[in-house]
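Chemist: Got a structure for you, written out below as structure tokens; questions coming shortly.
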Amino acid sequence: MIVLNIGLTAGVLDATTFTMMVLMALITTFMTTPLTQWIYPPKYYTRKHLNEMTRDKSTTIQLADLSSQLNILVCISPVPPMPLLMNIVQMFANYNKKAEHLNLLISTAQMIEVSDRYSSVLSATNPGEDNITPVIEGFATLNGVKINNQKIISSSEHFSEDILNLIHDESIDMVFFPWHLSAEHETHDLSSEIIPEVLKIKALTVALLIHSGASGVLNLSEAKLMVPFFGGPDDRKAVEVALSFGILTCIIYYKREHELDDDDNKLIEKLYQFSEKDPSVVYSVREFNEMEDDIVVSLREEYETSNFSLLVVGHTAGLTHSSDPSDLEQVIGCVGGKLIDNDFPSSVMVVKCGENCNFLNLQ
């Protein structure tokens, strides 16, 4: 259009030719997209529907050899909460020291959002623009942990599919999401869209490390974990995950009228035995009436008494959801959602148990 205007001004083109050329430019521009879609239909390049893929792969994930390797995937949002990420590395470094027979491999999936413009892709793939990978690798090396950094460069609507593909292709055993919420509990990253899809994978254990305020790196020599236990597979896995890190762990069994199943009773028996022998495990029992007692109030009182560093809860605890659950409750479960919604002062780790995941055990 600029060249045509110059040609018209210089007298090279007359008005009729100028009009014809302008119409030609407009028509060919607007016909590009429909013509391209006709020659190369969308069915050849659109991705498989997300729900279909999740359903197909939820039962086909192959876990690593539990006796030799443990594969952890840490999903990093475009604006990563670095202290939470470092906490995860530290905790698994502690776990790695205890489990000498395991080859622990932590993979990070750094999500980088790009647009359709070529310049956006070039910027995302430029090593000089990456300020996160050197920090992660250096911190992991200092803590004696093997780490494999990889990037997922995609548009926001395709991140969920890419994460699910990565989980399937690399036989991931456990997925961690360090998730930082604003003071108003609003999310500006992609975790809130990806987490619900990952939680649908029944065979996969998922842990969400959430902080809604200013978070810092844990001092493991002084750290204390607290686990409220109500019963069920997610609560059992939350206990196992907390104990595997080798940090001082306080487990409180909130006893209700509801009877526990055999697996819960076996776990409670083991916890009692551990607390008798291991000073890093503290086990206690509280009476809890779900109709009268408020779990948020109870846990806040425990925090004020013990001042623990991290609260570990099961995704689907044995508590009834609120009559009108918040959006956060629906995503991260009843207990975790209530705690975050009520500005709980400690970081919260929410654990969802995978069907085939038994690499974190009480042996």
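All of the numbers you see were taken from the coordinates with simple rules; none came from a lab. This one's a predicted model, so the numbers in the text were calculated from it and none came from an experiment. Heads up, the Cβs are rebuilt from the backbone with ideal geometry, glycines too, and the neighbour counts pull from every protein chain shown.
Chemist: Which whole-number percent gives the relative contact order of region 218-363, counting Cα pairs below 8 Å spaced six or more residues apart?
Modeler: Values: 230 pairs, mean separation 45.5, N = 146.
The value is 31 percent.
Chemist: Go through 83-93, 253-263 and give me the packing order, highest mean Cβ count within 10 Å leading. Spell out each step's value before the answer.
Modeler: Numbers: 83-93: 22.1, 253-263: 14.1.
The packing order, highest mean first, is 83-93, 253-263.
Chemist: Could you tell me how many cubic angstrom of Cα convex hull volume region 218-363 has per residue?
Modeler: Details: hull volume 17.2 nm³, N = 146.
Residue-normalised Cα hull volume stands at 118 Å³.
Chemist: Take the residue pairs K146/K338; K200/K277; K146/K255; K277/K338; K266/K352 and return only those whose Cα atoms are more than 30 Å apart. Walk me through the numbers before you get to the answer.
Modeler: Values: K146/K338 35 Å; K200/K277 38 Å; K146/K255 40 Å; K277/K338 34 Å; K266/K352 20 Å.
Among K146/K338; K200/K277; K146/K255; K277/K338; K266/K352, the Cα-Cα distance tops 30 Å for K146/K338; K200/K277; K146/K255; K277/K338.
Chemist: Taking every pair of alpha-carbon atoms in region 2-42, what share in percent sits in each 5 Å bin, from 0 to the bin with the longest distance?
Modeler: Here the calculated profile for region 2-42 is 5, 22, 21, 14, 11, 10, 9, 5, 2.
Chemist: Still on this model: Using per-residue counts of other Cβ atoms within 10 Å, averaged over each peptide, order 32-40, 265-273 from highest down.
Modeler: Numbers: 32-40: 9.3, 265-273: 15.6.
Highest-to-lowest ranking by the protection proxy: 265-273, 32-40.
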